[in-house]
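S.K.: Input: one structure, supplied below.
Values in this text are rule-based calculations from the coordinates and carry no lab data. Treat the numbers as computed from the prediction; the structure is a model and nothing was measured. Don't worry about glycine lacking a Cβ; one is built from the backbone with ideal geometry, like all the others, and counts go over all protein chains shown.
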Amino acid sequence: MRGRRARRCRYGCRVPLVAAAVCPHPPLIVPELAGAAAPELDGLRAACDAAVAGLLASDAESVLVVGGDDRDASLDHPFRGTFAPWGLPLEVQLGRLPDGRVGTDRLPLSLLVGAWLLSRRRPEEARRTSWRMATVAHHAPAEECAARGARAGSDRPWGLLVMGDGSACRGPQSPGYHDPRAEAYDEGVARALADADAEALLDLDPALSAELRVAGRAPWQVLAGAARAAGGDWRGTLRHHSAPYGVAYLVASWERA
């Protein structure tokens, strides 16, 4: 436990970020949805599982799951969603109240996949962790994303699970068709995640990101703002980078160096 209880703030102060995991949110990451194609994403699932396991094994007692959506919102605990819009009546719930009430229903895809990834962990891994969920608007400027990350602290050690895809323009069969700028964009994000380079993430251009149909730009910049506000040196590990369906999927872990 490395003294985590002793480091809680008792007088309303905010504890900085201690660890983060970055994962994509394709619906096909759920094997039952992927069907016969499920083995194609085995490597991605394994990388996401490792990133989430590392986050839960850190000093974080509270985890904020952040993903892109049409607007900024802090969601109410506990959380529930379903993959029915994507063809599978699989319900995912994160956290419970004694009377069974749910605070947030119909999670957006980014947070739904995040909840699904967390639900795959063994109960004893997650029992000591409290959950928060928030969305950040896809169009939010970089400075607003960074400010949200800087304000997202808790009164106890906390971590971030950051959900977002890279470009969706990697080839003629991709959702956004082919854009020659997409591969270089994704390689730049991969380097920034591998190097825990918050400034490089904050330099990502919202306009270009939108043209390349990048779902992760705003959530990544929330991470960058939180890490920058926390200060100190960070160490990044890039666990996965692929574009099997013309969409870039990146998985990474950040921890204090």
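S.K.: Output the relative contact order of the range 157-237, whole-number percent, from Cα pairs under 8 angstrom with separation of 6+ residues.
M.R.: About 36 percent, as a whole number.
S.K.: Follow-up. In whole percent, what relative contact order does the chain give with Cα contacts below 8 Å and a gap of six or more residues?
M.R.: Relative contact order, the chain: 28 percent.
S.K.: Could you list LEU41, LEU202 so that the one with the fewest beta carbons within 10 Å of its beta carbon is first and the one with the most is last?
M.R.: LEU202, LEU41
S.K.: Tabulate in residue order the Karplus-calculated ³J(HN,Hα) for the range 243-257, using 6.51 cos²θ - 1.76 cosθ + 1.60 with θ = phi - 60°, rounded to whole Hz; enter x for Gly and Pro.
M.R.: 9, x, 10, x, 10, 7, 10, 10, 10, 8, 10, 10, 8, 5, 6
S.K.: So what J values fall out for the range 146-155 if you push phi through Karplus, 6.51 cos²θ - 1.76 cosθ + 1.60 with θ = phi - 60°, rounded to Hz, Gly and Pro as x?
M.R.: So the J values, rounded to whole Hz, are 4, 5, 5, x, 5, 8, 7, x, 10, 8.
S.K.: Picking from ALA227, ALA147, ALA184, which is most flexible by a Gaussian network model of the chain using Cα springs under 10 Å?
M.R.: ALA184
S.K.: Kindly put SER242, SER58, SER119 in sequence by how many other C-beta atoms sit within 10 Å of each C-beta, fewest to most.
M.R.: Placing the least packed residue first, the sequence is SER119, SER242, SER58.
S.K.: While we're on this one: Mean residue ellipticity at 222 nm from the helices of the chain, using -39,500 (n - 2.57) per DSSP H segment of n ≥ 4 over the full residue count, to the nearest 500 deg cm²/dmol?
M.R.: Theoretical 222 nm ellipticity from helices: -9000 deg cm²/dmol.
S.K.: With springs connecting C-alpha atoms under 10 Å apart, model the chain as a Gaussian network and identify which of TRP86, TRP220, TRP158 has the largest mean-square fluctuation.
M.R.: TRP86
S.K.: Local charge sum around GLY246 (other residues, Cβ-Cβ under 12 Å, Lys/Arg +1, Asp/Glu -1)?
M.R.: Local charge sum for GLY246: -2.
S.K.: As a test, work out the antiparallel percent of DSSP beta bridges whose residues both lie in the range 16-256, rounded to the nearest 5.
M.R.: Here the share of antiparallel DSSP bridges comes out near 45 percent.
S.K.: Take the Cα pairs of the range 16-256, get the Kirkwood Rh, then feed it into Stokes-Einstein at 20 °C and 1.002 mPa s and tell me D in µm²/s.
M.R.: In µm²/s, the coefficient is 122.
S.K.: Just to confirm a number: summing +1 for Lys and Arg and -1 for Asp and Glu over residues other than ALA257 whose beta-carbon lies under 12 angstrom from that of ALA257, what do you get?
M.R.: -1
S.K.: Considering only ARG228, ARG121, ARG170, give the residue with the highest GNM mean-square fluctuation for the chain, with springs between Cα atoms whenever their separation is below 10 Å.
M.R.: ARG121
S.K.: With a cut-off of at most 16 other beta carbons within 10 Å, and DSSP calling the residue loop, which trypsin sites (Lys or Arg not before Pro) in the range 10-77 qualify? Please list them.
M.R.: ARG10, ARG14, ARG71
S.K.: Still on this structure, I have one more. Which distance in Å, rounded to a whole number, links the C-alpha centroids of the range 90-156 and the range 221-235?
M.R.: A separation of 19 Å, based on Cα centres.
S.K.: Here's something else I'd like to know. Give the order of TYR177, TYR245 when sorted by the count of other beta carbons within 10 angstrom, beginning with the fewest.
M.R.: Placing the least packed residue first, the sequence is TYR177, TYR245.
S.K.: What ranking, highest mean first, results for peptides 96-104, 49-57 when packing means the other Cβ atoms within 10 Å averaged over each residue?
M.R.: 49-57, 96-104
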